[in-house]
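Participant: My questions all concern the structure below.
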Amino acid sequence: MAAAGGVVAESAAMAGARGFLALLAAALLLAGAVLGAENRPRPVGAPVDVDNADNDEGLQRALRFAMAEYNKASNDMYSSRVVRVISAKRQIVSGIKYIMKVEVGRTTCPKPAADLQSCAFHDAPQMAKHTICDFVVYTVPWLNQIKLLHSSCQ
């Protein structure tokens, strides 16, 4: 009878050890998931930050298009242009979607301006107008297609 009791105690100890090891493995997996989250690859098709917006040719093309559409829709007699890019993301879909938040400023050039980049911003407080805009531009470069999907300014 003592031998049977020893076997039961041994089985209980092994079950406890297995439970502890399972718990330890789960804790390590969770810790790895939390600590490695920033290094984990993004899902395919997720928006990614455009690190150097000023030197990204595709983003700049999308931004020029968005500003041309903005100026066409605006009732202002002066053209506006981008002061700075606040944030920019690129998403690969069936083309490329650019998601941008930019600061836009009124220039001294009356509409329509041929070369916006050479237009100075208004200095006078009553003429200077700055606004923050969100643009989403969809482009299919290999088909030479571009479309403004979203535009909102505050």
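Participant: Looking only at segment 128-151, filter to residues that are touching a helix residue (DSSP H, G or I) at 6+ places or on another chain (Cβ under 8 Å) and surrounded by 14 or more Cβ atoms within 10 Å (Cβ to Cβ); which one of those is nearest to Ala68 (Cα to Cα)?
Facilitator: Leu148
Participant: Run down Glu69, Glu57 and say which single residue is within 20 Å of Tyr138 (Cβ to Cβ), of a type in the set (Asp, Glu) and either touching a residue at least 40 places away in the same chain (Cβ under 8 Å) or touching a strand residue (DSSP E or B) at 6+ places or on another chain (Cβ under 6 Å) (or both).
Facilitator: Exactly one of Glu69, Glu57 is within 20 Å of Tyr138 (Cβ to Cβ), of a type in the set (Asp, Glu) and either touching a residue at least 40 places away in the same chain (Cβ under 8 Å) or touching a strand residue (DSSP E or B) at 6+ places or on another chain (Cβ under 6 Å) (or both), namely Glu69.
Participant: Report yes if Ser118 is touching a Phe, Trp or Tyr at 6+ places or on another chain (Cβ under 7 Å), open to solvent by 40 Å² or more (accessible area, probe 1.4 Å) and over 19 Å from Ser94 (Cα atoms), otherwise no.
Facilitator: In short, no.
Participant: Considering every residue within segment 79-86, establish whether at least one is surrounded by fewer than 17 Cβ atoms within 10 Å (Cβ to Cβ) and among the polar types (S, T, N, Q).
Facilitator: No, there is no match, as no residue in segment 79-86 is surrounded by fewer than 17 Cβ atoms within 10 Å (Cβ to Cβ) and among the polar types (S, T, N, Q).
Participant: Return yes or no: is Lys129 of a type in the set (Lys, Arg), more than 20 Å from Arg61 (Cα to Cα) and touching a strand residue (DSSP E or B) at 6+ places or on another chain (Cβ under 9 Å)?
Facilitator: So Lys129 passes the test.
Participant: Inside segment 107-150, can you point out the residues that are part of a strand (DSSP E or B) and free of Cβ contacts under 8 Å to residues at least 12 places away in the same chain?
Facilitator: Matches in segment 107-150: Lys147 only.
The values are calculated or read from the model by the stated rules, or taken from the named source; none is laboratory data. Remember, predicted model here, so these are calculated numbers, not experimental data. As a convention, Cβ positions derive from the backbone with ideal geometry for all residues, glycine included, and neighbour counts pool all protein chains shown. The protein model used for the area step is the full one, side chains on, heavy atoms only, and it has no ligands, DNA or RNA in it. Shrake-Rupley method; radii C 1.70, N 1.55, O 1.52, S 1.80 Å.
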